[in-house]
Amino acid sequence: MPPRGKRSRSAKEQYQEAVATYVAAGGDESVQRVITAVSSMSRKLEQWYTRQLVDLDLSHGEWSVVAQLATADGAPMTPSRLADVSNVAASSMTHRLDKMTERGLVRRSPDPENRTRVLVELTDQGWELFGAAVREANVVESDVLAGLSRTERDQLAALLEVVISRLDDLETP
């Protein structure tokens with residue numbers, strides 16, 4: 001809790017101070033404005049998402065599985081693939097999937113093309129949870145972008161998509 005008489009700095013003030021600090025240290029102002037804005041927004045949204053997951057009784061790891069399966073065009077995934085994209089050990093993924101299966105969020109079944117492999121997919125309950133989480137998040141995300149017109153949101157999205165498309169080029173081996 002902040003001391004009496006001192007108000008906490010607004011998100012905009014924190015952003016401006018961070019940009020000024022990075023620029024004073026030699027950073028390019030236009031670069032720092034963009035990167036600091038994206039980082040600040042991401043951090044604030046992450047705080048909200050964390051609270052939302054608690055309300056949904058999901059861990060970040062479980063949400064990762066739900067989101068990966070939901071965005072895989074309905075195609076089942078192997079536990080090892082889920083572990084890879086979630087950046088966890090296979091044994092951790094097995095434990096996570098055990099809990100999620102018990103809760104009725106995912107279903108495991110033998111791969112019809114290779115019976116030594118198991119495939120994981122969302123159950124109806126898993127799909128319902130995914131939809132509820134997206135709808136809840138959309139309310140906050142819409143509020144975040146409420147100050148922009150539809151055209152401005154489209155322009156911002158297009159610009160960020162250009163940046164995202166170059167991220168793979170920057171990865172180090």
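Any read-out appearing in this document is the output of simple, stated calculations on the displayed coordinates, not a laboratory observation. Quantities reported herein were computed from a predicted structural model and do not represent experimental measurements. Note that each Cβ is placed from the backbone with ideal geometry, even for glycine, and that neighbours are counted across all protein chains shown.
Write out, first by first residue and then by second, each pair whose Cβ atoms fall under 9 Å of each other, whose residues are 6+ apart or on separate chains, and whose first residue, in the stretch 32-52, is under 14 Å from Q14 (Cβ atoms) while the second is in a helix (DSSP H, G or I) and of a type in the set (F, W, Y).
Once the first residue is under 14 Å from Q14 (Cβ atoms) and sits in the stretch 32-52, its partners that are in a helix (DSSP H, G or I) and of a type in the set (F, W, Y) give Q32/Y22; R33/Y15; T36/Y15; T36/Y22; A37/Y15; S40/Y15.
Tell me which residues, restricted to the stretch 143-155, are over 16 Å from the mean Cα position of the chain (by Cα) and assigned to a helix (DSSP H, G or I). Working first, answer last.
If we filter the stretch 143-155 for residues that are over 16 Å from the mean Cα position of the chain (by Cα), which is where we start, we get 143, 145-155.
Passing the criteria: D143, R150, T151, E152, R153, D154, Q155.
Residues in the stretch 72-88: is at least one of a type in the set (D, E, K, R), under 23 Å from V134 (Cβ atoms) and exposed (fewer than 15 other Cβ atoms within 10 Å of the Cβ)?
Yes, that holds for at least one residue.
Filter the stretch 12-50 down to residues that are under 19 Å from E141 (Cα atoms) and small (G, A, S) and give me whichever is surrounded by the most Cβ atoms within 10 Å (Cβ to Cβ).
S40
As an exercise: evaluate L53 against (1) of a type outside the set (S, T, N, Q); (2) closer than 24 Å to S42 by Cβ; (3) loosely packed, with under 12 Cβ neighbours inside 10 Å and give the number of the one condition it does not meet.
(3)
Consider the stretch 112-140. How many of its residues are assigned to a strand (DSSP E or B) and among the basic types (K, R)?
Step one: of the stretch 112-140, the residues assigned to a strand (DSSP E or B) are 114-122.
Retained after the next criterion (residues that are among the basic types (K, R)): 115, 117.
Number of matching residues: 2.
Scan the stretch 74-103 and report the pairs whose first residue is in contact (Cβ under 8 Å) with a residue 12 or more places away in the chain and closer than 12 Å to V118 by Cβ and whose second residue is of a type in the set (G, A, S) and not in a strand (DSSP E or B), with Cβ atoms within less than 7 Å and a gap of 6+ or a chain change.
Within 7 Å, the pairs are P79/A90; S80/A90; M93/A83; M93/S86.
Please work out which one of (1) in contact (Cβ under 8 Å) with a residue 12 or more places away in the chain; (2) in contact with a Leu (Cβ under 7 Å, 6 or more places away or on another chain) is the condition V118 fails and give its number.
(2)
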